[in-house]
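None of the figures in this text is laboratory data; all of them are computed from the coordinates on show. Just so you know, these numbers come straight off a predicted model, no measurement behind them. Note: ideal-geometry Cβ built from the backbone for every residue, glycine included; neighbour counts use all protein chains shown.
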Amino acid sequence: MSVDPVTGMKRPQVLVVDDHPTTRKLMSAWLELSGYQVAQAEDGIRAWSAAEFDCPPIVVTDWNMPEMSGLDLCRSIRAKLCNEHVYILIATSRDSGDDLSEAMAAGANDFLSKPIQEDEFLARIQNAENAIRQLQIQTELAEIDGLTGLLNRRTFVERSQTAIEAAMARNRPASCLMMDIDLFKQYNDEYGHAVGDEVLRLVGSIIKEMCQHQELAGRLGGDEFCLFLTDYEEPQAVQFAEELRNRIASRSADVIGAKMMVRTTMGVSPLLGHCENLTALLEQADRALLAAKSEGRDRTQSYSSLQRQQLQTCDLSVESHLTDLKGTTADKLMTTSIAIYGEQESFRTSLASFLASNADSACVVNQNQQLVGMVSERDYLNAMASRKELDTPLRDLMNCNIARFTPETTADQIWQTLQRTPMLRSVVVDENGVPLGMIERRALLSLLRDIGNI
């Protein structure tokens, strides 16, 4: 690891871009001798290919290069990496006011006069390093909760919403975990607020230990924490929550000794097709959390498990009336307000016709017209909000979490299926798998309420 010999801090990587090999190698040698990690590119095209997905925080580029100039490289970095802290120095023999203004407008932070002198070069690199470090400190102060080191509420909400949109666009699983510290007020009342703060720090540090990959973690306020777990199905999220809960309990003696164990209660909710924003996801996780508290705290409750419990309770109240439902079949429950598109059809070509129709959802079919997925109105709107490429095929937008029923399936059979998997969208298909219509969950529940008086 490259470190500053004076401060002992890790030094940032520097990308050196110059089509003249001698100049490029000389600057790289000076940087390496000063403890910097160095990447090299011989022109703007190669530099942008490297920087687009993993841009070093400091870029030194020549102005005049074939194919892609230093100014064009500046513009690309500023346009595509606008949220990242990148300090750009342009090396040039130009010194007119117009040239310098043009470079600044393109996004350059500083200049190096050619021929380049070692002392001036390293001094400007040090200035760049100081500026980057200061920006990182300011960003951390604005985004991080000072007590726990986790994301603050505003930043957590912003990043989690972005993560939700990305997960849905790629049809990847995700889950939300909400957590409270049980009876937190007692720590403040019995041991003082200093101990209460230490409990919060302990919880924050353990959460950070466990969040190493695709997890986002934030403190929403007080003793309330929230995590967004990308690539976690609900069972894996529950397992994560249980491990977190046990770690916190086992290490609470580090703060308050053996007098009182720190216990936590957690609620977990999966990201499913009907839940396209963080507000709805948090509401579901919070309902699971409240249910866990009502059962005695110190446990984890999943939203799907809570739904199944509620459906089982509901099922008991209509059990004696199920015979009345057997005469009602899927074709009587379905609505035909659907649009049908091929999975290769693009977002662009289907969008206008879908929004102009009265359809609630679009069924996506393969070349044999068999149902393979669904795209809801919210899926379309989310794709628009996230600036999805208009040529994206519908197969990359669709949700595959669907229950399929034949027209002859009875209402009680549908009810039993949805009881086991309450979040599925329901589509009626013919014997060849061709979609005929949708079954709206609220229509089925309305029928059950009318018959079972629930």
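Just how far, in whole angstrom, is the stretch 88-142 from the stretch 184-223 if you go by their alpha carbon centroids?
Centre-to-centre distance over Cα atoms comes out at 41 Å.
For the stretch 290-298, just list the computed ³J(HN,Hα) in residue order, Karplus coefficients 6.51, -1.76 and 1.60, θ = phi - 60°, integers in Hz, with x standing in for Gly and Pro.
For the stretch 290-298, the Karplus-derived couplings read 5, 5, 5, 5, 5, 8, x, 6, 6 Hz, x marking Gly and Pro.
Provide the descending list of Cα extents for the stretch 13-143 along its principal axes, expressed in whole angstroms.
Per principal axis, max minus min of the Cα coordinates gives 41, 31, 30 Å.
Which whole-number percent of Cα pairs in the stretch 139-186 have a distance greater than 11 Å?
Details: 840 of 1128 pairs.
Taking all Cα-Cα pairs of the stretch 139-186, the fraction more than 11 Å apart is 74 percent.
Quick one: putting +1 on the C-beta of Lys and Arg, -1 on the C-beta of Asp and Glu, what dipole do you get for the stretch 13-143 around its Cα centre, in Debye to the nearest 20? Don't skip to the answer; put the middle values down first.
Numbers: 10 positive and 22 negative charges, 19 e Å.
Once rounded to the nearest 20, the dipole reads 100 debye.
Please state, to two decimals, what the Cα-based radius of gyration of the stretch 153-312 comes to when divided by 2.2 N^0.38 Å (N = residues).
Values: Rg = 15.5 Å, N = 160, 2.2 N^0.38 = 15.1 Å.
Normalised by 2.2 N^0.38 Å, the Cα Rg of the stretch 153-312 equals 1.03.
Using r as the Cβ-Cβ distance of residue 392 and residue 193, and R0 as 51 Å, what FRET efficiency do you calculate, to the nearest 0.05?
Values: r = 52 Å, r/R0 = 1.02.
With R0 = 51 Å, the Cβ-Cβ based efficiency is 0.45.
Tally the DSSP beta bridges in the stretch 153-312 and give the antiparallel ones as a percent, rounded to 5. Write out the running numbers ahead of the final one.
On the way: 20 of 23 bridges.
Given both bridge residues lie in the stretch 153-312, the antiparallel proportion sits at roughly 85 percent.
What's the exposure ranking of 245, 159, going from fewest to most Cβ atoms within 10 Å? Please list the in-between numbers first.
Details: 245 20, 159 16.
The most exposed by this proxy come first: 159, 245.
Would you mind checking which residues have amide H under 5 Å from residue 302's amide H? H placed 1.01 Å from N; only 5 or more apart, or other chain.
Answer set, sorted by chain and number: 268.
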